[in-house]
Amino acid sequence: MPDEEDFLGESLRKIVKGAGFVLVGTLIGRTFGYGSRLIIARLGASDYGMVALGFAVMSIAVTLSMVGIQSGIVRYVSFYKGKEDKGRIKGTIISALKITLPLSFILAFILFWYASWISIHVFHDANLTSILKIFAVGVPFFVLAQNLLSATVGFQDMRYRVYTEKIFQEALKLVAIVILLLLGFGVVGAAWGWVLAIIVMPFIAFYFLEKKVFPILNTKVKAVSVDKELFAFSFPLLFAGIAGMIMGWTDTLMLGYFCSSADVGIYNAALPTAQLIRGIPAAFAVIFFPVVSELYARNKMEDLRRTYSVVTKWMLALISPIFLLVLLFPEQIIKILFGAEYVAGATALSILVSGFMIYAAIGPSSEILQTYGKTKTVMMANYIGAAINFGLNFLLIPIYGVNGAAVATGFSLALLYILNFLFAYRVAKVQPFRRSYLKIILASLIAVLVIYLLARYVIGVSTFALIAVLIVFLALYFFLLLLMKSFEEEDLMIMRAIDQQLGTKSDWIRDIIRRFL
């Protein structure tokens, strides 16, 4: 086994530090965002569905307006930061704004002007018109915020994106929605609350960029234009963004076209609930990429493989019990969170959470491909996933409605993750699986089965009962992991890194674990 200090310094400490910050910020943001959805959902499935459709259409307009520029901003700001060329850093940011802001105003105007036509002829619901017009107002503000936040990321600092996008925006959205609903504005108030938070985003982002990262206005640095280079680099990425857009929004939009706003609302109770389990893997993946890229550059392939395996093991250990609990209690979870009207989405929740679970099981394999420079392979896998997603939604939604959308999305996402894994294994000969994986899965199954029997036949299923059994479950799960000797030396290293990052003390837990190694 590697020396603990060396291993922490090499990769795990970086991953835990970055993932810890992103994860905490993301969890806070998702809590606020989920709270907003829960409150809007109380208006009824139809009204909630209209807001979900409005945000989906706005997101498409934002993606098209950005033409892939956000990746170009990160790339060129980082590049010129390394060369200490402040003129071209400023030029990159200004060039991005010159390209994207006019497009955003054009698309916002089109969406606003044709809102009635889209509502009637595409979604067959004239009541959607005012909602689309409200979200059209948010398009330029969202685009401006994405430009500014991408610039802060280019300086290799994730804090300000997390603060702005995950915390401030989501918290303000929740507060605005609550106030407007209490004032009696109904679904229109919910839509305006969502958009008002988006309108504030670029002002917060500009403050962080100007005051904390790189001044744009209060500086004597002259901008050096990089319009052509930036656009040439970024435009091809638009098509990758379109593939991601198809994967992200086809289910919601086709439900709106083939079914009703109520069906969209029911589905958008299941989808964000399933997406919650993806937060932990996503947080690890964000910082995993630069760490393994550095290991690859140093030709430390054994450390790269070990890091991939350890990170995937933690993703699986943290997600598998949550996945099984959701799989066993989908109706109760949906009912407790959204209300009885949304229980029809329970089957969709089970299907979707199964698709997202695949990601936790096989790890951040897409980042491995990017590390090896196989971006075309990643793009090809995304196109395959998007095409299958579109085709299955088109075929299944008219027949099976909400459950058809869940099958289409869950299957296409699982296929995308598996394709990335197979390509990564072919290119890099890396795979994360070890005997300890089976122990984690077995411990999860036993713990969840005990809790299921306890909830079903002893104490019943209710909000308080589920909280109580959750505490019992966590203790049982940890005990089974110990009993099966699932922990390894690298796990102690990650726990120590967590202590160093968060200032916590887990020495006693590590002492217990060491006795079972």
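The values are calculated or read from the model by the stated rules, or taken from the named source; none is laboratory data. The model shown is predicted, which means the values in this text are computed figures rather than measured ones. Reconstructed Cβ throughout: ideal geometry from the backbone, glycine too, with neighbour counts over all protein chains shown. Keep in mind that these areas ignore ligands, DNA and RNA; they rest on the heavy atoms of the full protein, side chains included. Shrake-Rupley method; radii C 1.70, N 1.55, O 1.52, S 1.80 Å.
Could you say which residue among Ala151, Ala126 is among the hydrophobic types (A, V, I, L, M, F, W, C) and touching a Phe, Trp or Tyr at 6+ places or on another chain (Cβ under 9 Å)? Among Ala151, Ala126, only Ala151 is among the hydrophobic types (A, V, I, L, M, F, W, C) and touching a Phe, Trp or Tyr at 6+ places or on another chain (Cβ under 9 Å).
Residues satisfying the criterion are absent from the stretch 269-281 (criterion: part of a loop (DSSP other than H, G, I, E, B), hydrophobic (A, V, I, L, M, F, W, C) and at pLDDT 85 or above).
Contact map, the stretch 363-384: first residue over 18 Å from Gly241 (Cα atoms), second residue open to solvent by 20 Å² or more (accessible area, probe 1.4 Å) and at pLDDT 80 or above, Cβ cut-off under 7 Å, separation 6 or more or different chains; pairs are Ser365/Phe421; Tyr372/Val427. Could you check Tyr76 against (1) open to solvent by 40 Å² or more (accessible area, probe 1.4 Å); (2) in contact (Cβ under 8 Å) with a residue 60 or more places away in the chain; (3) touching an Asp or Glu at 6+ places or on another chain (Cβ under 9 Å) and say which number it fails? Just one mismatch for Tyr76, condition (1). Quick one: is Thr219 part of a helix (DSSP H, G or I) and either touching a residue at least 12 places away in the same chain (Cβ under 8 Å) or open to solvent by less than 20 Å² (accessible area, probe 1.4 Å) (or both)? No. Among the conditions (1) free of Cβ contacts under 8 Å to residues at least 60 places away in the same chain; (2) within 26 Å of Leu97 (Cα to Cα), Val213 misses just one, which is (1).
Can you name every residue in the stretch 91-118 that is within 29 Å of the chain's Cα centre (by Cα) and touching a residue at least 60 places away in the same chain (Cβ under 8 Å)? Passing the criteria: Thr92, Ile93, Ile94, Ser95, Ala96, Lys98, Ile99, Ile118. Being open to solvent by 70 Å² or more (accessible area, probe 1.4 Å) and closer than 15 Å to Leu470 by Cα is the filter here, so list the residues in the stretch 437-449 that pass it. Of everything in the stretch 437-449, those that are open to solvent by 70 Å² or more (accessible area, probe 1.4 Å) and closer than 15 Å to Leu470 by Cα turn out to be Leu445, Leu449.
When we screen Ile459, Ile451, Ile446, Ile397 for residues that are under 30 Å from Leu480 (Cβ atoms), in contact (Cβ under 8 Å) with a residue 60 or more places away in the chain and not hydroxyl-bearing (Ser, Thr, Tyr), the only hit is Ile451. Residues in the stretch 123-141 that are more than 14 Å from Phe105 (Cβ to Cβ), at pLDDT 90 or above and open to solvent by 30 Å² or more (accessible area, probe 1.4 Å): Ala126, Asn127, Ser130, Lys133. Within the stretch 142-161, if we keep just the residues that are modelled with pLDDT under 85 and in a helix (DSSP H, G or I), the residue that is surrounded by the most Cβ atoms within 10 Å (Cβ to Cβ) turns out to be Gly154. Residues that are among the β-branched types (Val, Ile, Thr) and closer than 18 Å to Ser309 by Cβ within the stretch 436-457 comprise Ile440, Ile441, listed in sequence order.
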